[in-house]
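Bear in mind that the values in this text are calculations on the coordinates, not laboratory data. Note that the structure is predicted; figures quoted are calculated from it, not measured. Glycine gets a Cβ as well: all are built from the backbone with ideal geometry, and neighbour counts include every protein chain shown.
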Amino acid sequence: MQDTEIQSGRSNSDYDVLIVGAGVGGLYALHKLRGLGYRVHVVEAGDDVGGTWYWNRYPGCRCDVDSLEYSYSFNDDLQQEWHWPERYGTQGEILKYVNHVADRFDLRRDIEFKTRVTSAHYDSASSLWTLKTDADKTLTAPFCIMATGNLSTPRTPDYAGIETFKGKWYHTGLWPHEGVDFSGQRVGIIGTGSSGVQSIPHIAEAAKHLHVFQRTANFSLPARNGPLDPDIERQHKSEYPERRRAAYDTPFGIAGYPPPTHSALEVSEEDRNRIYEEKWTAGGSISYLYAFNDLLTNVAANDTASEFVRNKIRAMVKDPKTAELLCPNDHPIGTKRLILDTHYYETYNRDNVTLVDVRTDPIDQITETGLRTAEGDFELDAIVFATGFDAMTGAMKEIDIRADGGPSIGDKWQDGPRSYLGLMVAGFPNMFMITGPQSPGVKSQMILSCEQHVDWIASCLNNMRETGRNRIAAELVAEDDWVEHNNEVADSTLYPLANSWYVGANIPGKPRVFMPYVGGVTAYKAKCDEVVANGYEGFVIE
Ligand code: N01
C-alpha cells in the first residue's frame, strides 16, 4: 500500500480522486490535491493540456482579460517569473504558459491524454465512482471532479447538405493544429460572437474574399492591445499579493477598477459621453461597463452606453447600410459577452469583405459549392463556423453521469441545470464541479474562479479525511434555494433580456434558464465561506 493510500485510508479504489479535464481548472486541481497527499488521476480528451486554449486555435484568438490578471495566483514564483509579452495573451502564448505550468509542477505524469470519459457511475454500496473511457478502460475513486469546461462542446448548425460541400469547413473551437491557409480562397464565416469577431480581421487579410454571415450584431469594443509596458508589469508584480486578494472583492474577480458610484442618468450628456470616450480609448470591457453603476440594471442608463458604441460603429464603417447592420439593437450592451476586438469594424471597409444579413435571409442549406439563402447562392472554397458552444451544460450532459442507477445528469437537467453553488448537484454524491452552472465562473476572471473552487473542494476533502467521513452530498432543498436565488439575482439585472448562450438561446430546443451566477464574485465567495463556517450548511456529510 502506498503512503498516500495510508493517509487517505482508501485501498479499494484505483485513485482517491478522478478529474475529468486538463484545462486550467483540472490542472490546478491535480496540483493542489496531489500536494495534499491524494492519489489523483486526470482524464483528458485532447492530446495535451490547456482545455479551451488547446482547442480554440483560430486566427486572432486571444484572451479578453489582461494577461497579468488572467493567470494562476497559487505560486508566487510562477507569477513573478512568467513574462507576458502583450496586454492580452494570444491563444499561443496562453497555451505556452499552461504547458510551462504542467512542466514546472510535473503534472503530465498523472494525466491520461487522448481519452474521453463516456460514463461516470456512483455506487453507494462501495462508495465509489466508476468512470469508463472510450478506450474501454475502467477507473475508480471515491471522489470525482468534473473540470469539463463551460465552452468546450462546439456546436455546428444542423444545415442540410454539409456532407456535399466540396470545399473545407472548420469550427473555430476545433481549429486544425497546423493552421489554415486561406490565401486566394473565397471564404464564408457564419457567426459574429467573440470567435467570429476575433477571427474575421485575420481571415479577411488572407482570403481572396470573405463573406460574413451575420444573424445578430454584437457589441464589440477596441481591446487596445499592445506590448506590455515594462513599468506596468513591474508595478503590478510588486503588488501581486494585494491585487490577487483585492480581486475577490470585485464583482468580476478583476482588481484595479474602482467601482462606479454614479448612475449614467445623473450626469449631463456631455459628461457622460466624455466618460464613455475615456473608457473607449483605454480599451477593455470591465472599464467600459464600470463607467456607471447602473449599466447592467437600468435600460435607460444602458441605452446611453449602447448608443455611444453604435455611434462609434457608424463613424468607423464607411458604408452606412453595412454600418447600420453592424449596430446591435436587440440587446442592452454587456448582457451578451462584451467582445474586445482589434480592427473588427474597420475590416468592413475592405473591398474583399461583404456582410450578409442572415436574420432576414436565413441560410437554407450548404451546397456542393458553398451555401444557399432564399436570395441566392454564395460560391465558397471554405466555410468557418464561429457558431459557438452548447455552453455550461453540454460537456457534462455528453457523459452518462448517474448515481446508484438513478436518473442521469442529462435527465436531471432537462429543464435547465440545477446545482448547489455550482459545486455539487443533489443526487450525485462525491462529485464536484469546477465553475459549474450557478457559479460566477464565466462571468468572472476564469482562473480566479477555478482556483477558488479547487481550494474549496480541497479543504472540504481534507475536512472529511480529518473527521473520518467519506461521503458528501448537496441537499435538495439547499440546491432549490440556491437556484431560486440565482434566478432572482439574474432577474434584478438586464442579463435575461439578451438571447445569449448564458440562457442557452444559441442552441435550438435548449431550455431558457439563466445559468451563471451574476451576484458577483465577492458575494459568491462570502456565501461559500459562510457555508463552511456553518459546518458545510446545505451539504450532508457522512
Ligand atoms: O460563440 P457565440 P463564440 N445561423 O455563441 C451565430 C468565449 N470566448 O464562440 O447571436 C447563423 O458567442 C450566433 O448568432 P446568434 C466568450 O465567453 C472568449 O463566438 O445566436 N448564425 C452568434 O453570432 C464567448 O462569449 C474569447 O443569432 C448562427 C455566433 O454564431 C463564448 O466563448 C474568444 C447560427 C455564436 O456566437 C462563445 O463565443 C472566443 C445559425 N444557425 C470565445 N448559429 C475571448 O476570450 C449560431 N450562430 C476573447
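Could you order peptides 13-26, 220-233, 341-354 by the average number of other Cβ atoms within 10 Å of their residues, highest first?
Ranked from most to least packed, the peptides come out as 13-26, 341-354, 220-233.
Given the C-alpha centroids of the stretch 71-116 and the stretch 399-438, what is the distance between them in whole angstrom?
Cα centroid to Cα centroid, the span is 29 Å.
Stretched out fully, how many nm does the piece from Q414 to D480 gain, at 0.36 nm a residue minus the Cα gap?
Taking Q414 through D480 to full extension adds about 22.2 nm, to one decimal.
Please give the Cα centre distance for the stretch 157-190 versus the stretch 254-302, rounded to the nearest Å.
Comparing the Cα centres of the stretch 157-190 and the stretch 254-302, I get a distance of 39 Å.
With labels modelled as points extended 7 Å from the Cα through the Cβ direction, what inter-label distance (nm, one decimal) is found for K137 paired with D400?
Between K137 and D400, the label points sit 2.0 nm apart.
Would you calculate a helix-derived [θ] at 222 nm for the chain, using -39,500 (n - 2.57) for each DSSP H run of n ≥ 4 and dividing by the full residue count, to the nearest 500?
-9500 deg cm²/dmol
So for the chain, averaging the separation of alpha carbon pairs under 8 Å that are six or more residues apart and normalising by length, what relative contact order in percent results?
Computed over the chain, the figure is 19 percent.
What area, in nm² and to one decimal, does the C-alpha convex hull of the stretch 173-225 cast on average over all directions?
4.4
How much length would be gained if the chain were fully extended between K527 and H83, taking 0.36 nm per residue of separation minus their Cα-Cα distance, in nm to one decimal?
156.4 nm
Give the distance, in whole Å, between the Cα centre of the stretch 460-484 and the Cα centre of the stretch 507-536.
15
Can you give the charge dipole size of the stretch 110-224 about its Cα centre, rounded to the nearest 20 debye, using +1 on the beta carbon of Lys and Arg and -1 on the beta carbon of Asp and Glu?
The dipole of the stretch 110-224 has a size of about 440 debye.
Arranged from highest to lowest average of other beta-carbon atoms within 10 Å per residue, in what order do the peptides 367-373, 487-493 appear?
Per-residue mean Cβ counts within 10 Å order the peptides as 367-373, 487-493.
Using only the C-alpha atoms of the chain, find the volume of their convex hull and express it per residue in Å³.
152
Each residue of the stretch 29-40 in order: what ³J(HN,Hα) in whole Hz does its phi give by Karplus 6.51 cos²θ - 1.76 cosθ + 1.60, θ = phi - 60°, with x for Gly and Pro?
So the Karplus estimates, Gly and Pro as x, are 4, 4, 4, 5, 6, 4, x, 8, x, 7, 8, 10 Hz.
Apply the Karplus parameterisation 6.51 cos²θ - 1.76 cosθ + 1.60, with θ equal to phi minus 60°, to every residue of the stretch 239-249 and state each ³J(HN,Hα) to the nearest whole Hz, in sequence, with x for glycine and proline.
Values per residue, Gly and Pro as x: 10, 3, x, 5, 5, 5, 5, 4, 4, 6, 9 Hz.
Would you mind checking the tilt of helix 194-206 against the longest principal axis of the Cα atoms of the chain, expressed as 0 to 90 degrees and rounded to 10?
50
Tell me, what HN-Hα J-couplings in whole Hz come from the Karplus equation 6.51 cos²θ - 1.76 cosθ + 1.60 at θ = phi - 60° for each residue of the stretch 278-285, using x for Gly and Pro?
Once θ is set to phi - 60°, the couplings for the stretch 278-285 become 4, 5, 4, 6, 6, x, x, 8 Hz.
Kindly express, to the nearest 10 degrees and within the range 0 to 90, the angle between helix 521-533's C-alpha long axis and the longest C-alpha principal axis of the chain.
10
Could you size up the charge dipole of the chain around its Cα centre, putting +1 on the beta carbon of Lys and Arg and -1 on that of Asp and Glu, and report it in debye to the nearest 20?
480
When only C-alpha pairs under 8 Å and at least 6 residues apart count, what is the relative contact order of the stretch 329-441, in percent?
Answer for the stretch 329-441 is 11 percent.
Compute the length gained on full extension between K166 and Q235: take 0.36 nm times their separation in residues and subtract their Cα-Cα distance, giving the result in nm to one decimal.
19.5 nm
If you fit an axis through the alpha-carbon atoms of helix 476-491 and take the longest principal axis of the Cα set of the chain, what angle between them do you get, 0 to 90°, nearest 10?
Long axis of 476-491 versus the principal axis of the chain: about 20 degrees.
Could you pull out every residue, at least 5 positions away or on a different chain, whose amide H is within less than 5 Å of the one on D364? Hs are placed 1.01 Å off N in the peptide plane, and Pro or chain starts have none.
Result for D364 returns R372, T373, A374.
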